[in-house]
There are 2 protein chains.
Amino acid sequence: MRTFDLATGSDQFVKDIRVVRWEQYELGKELPFQAMWYSVPPGSESPLDQHPELELSVVVAGTAHVLSGEKVHAVEQGSAFLLSSTETHIVQNRSTDATLTIFSAYWMPGQGDV
Amino acid sequence: MRTFDLATGSDQFVKDIRVVRWEQYELGKELPFQAMWYSVPPGSESPLDQHPELELSVVVAGTAHVLSGEKVHAVEQGSAFLLSSTETHIVQNRSTDATLTIFSAYWMPGQGDV
């Protein structure tokens, strides 16, 4: 069994967002997806993003407000959201005091088709 | 974009453990893994489990104490653990008041090898 610690993971910052990429764990092809955590400070948001990979995001702390297309979805701690390939998205943390942290798994379309 | 709500998901109970299986969302082969949430009440634990699938678990609330082999690993909210194929495991919630909730993704060995 292996454990992956959010607090001590090697990180990088994109704007004020802490990103902990799972490449550092060198899991190779053990996982059928790639993964990362990212933490959005209170009052901040992720840059507009769009990519070919599908992305499943699980909120592990705080509440996410996800802007996708013309809609906003509130996703609470524990709950999840799935972005389709090339779907644009911005993830906001509307809290004034709590960090929003998301675990995200992503993979290329068709990868589930095995 | 689709959202998956932990609180309102259709559930079943295994002993006192609430299990919300993602089959209900009928994602078919969109995801390269199967998924579920499970919630362990304070002072309780999951039954001893062992299965061929690899399993990545993300703690979305509380702290997990995972018994695997002869070791115990404490895994805090936000952090994760990966069980290999056929690795035995019991997940304990040692808190006296907080529910432990885990998001779990699982897949057959070799499924990442695409």
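Observations, loosely collected:
Here's the yes/no breakdown for (1) of a type outside the set (Gly, Ala, Ser); (2) closer than 15 Å to residue A:14 by Cα; (3) touching a Cys at 6+ places or on another chain (Cβ under 8 Å):
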position	(1), (2), (3)
A:48	yes, yes, no
A:53	yes, no, no
A:59	yes, no, no
A:64	no, no, no
A:73	yes, no, no
A:80	no, no, no
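- Residue list for segment B:12-52, restricted to those being surrounded by fewer than 16 Cβ atoms within 10 Å (Cβ to Cβ), among the charged types (D, E, K, R) and either touching a Pro at 6+ places or on another chain (Cβ under 8 Å) or not in a strand (DSSP E or B) (or both): B:15, B:16, B:23, B:26, B:29
- Listed by first and then second residue, the pairs with beta-carbon distance under 9 Å, at least 6 apart or on different chains, first residue in segment B:38-54 and among the polar types (S, T, N, Q), second open to solvent by 60 Å² or more (accessible area, probe 1.4 Å), are B:39/B:11; B:39/B:99; B:44/B:15; B:44/B:16; B:46/B:14; B:46/B:15; B:50/B:86.
- Residue match in segment A:15-30 (condition: touching a strand residue (DSSP E or B) at 6+ places or on another chain (Cβ under 6 Å), touching a residue at least 40 places away in the same chain (Cβ under 8 Å) and of a type outside the set (Ser, Thr, Tyr)): no
- Residues that are under 26 Å from residue A:40 (Cβ atoms) and facing another protein chain (nearest Cβ under 9 Å) number at least 1 in the following strands (runs of 3 or more DSSP E) confined to segment B:63-114: B:71-75, B:80-83, B:100-107.
The values are calculated or read from the model by the stated rules, or taken from the named source; none is laboratory data. Predicted, not measured: the structure shown is a model, and the values here were computed from it. Positions of Cβ are generated from backbone atoms using ideal geometry, with glycine treated the same way; all protein chains shown enter the neighbour counts. To get the accessible areas, we keep the full protein, side chains included, count just its heavy atoms, and leave off ligands, DNA and RNA. Shrake-Rupley method; radii C 1.70, N 1.55, O 1.52, S 1.80 Å.
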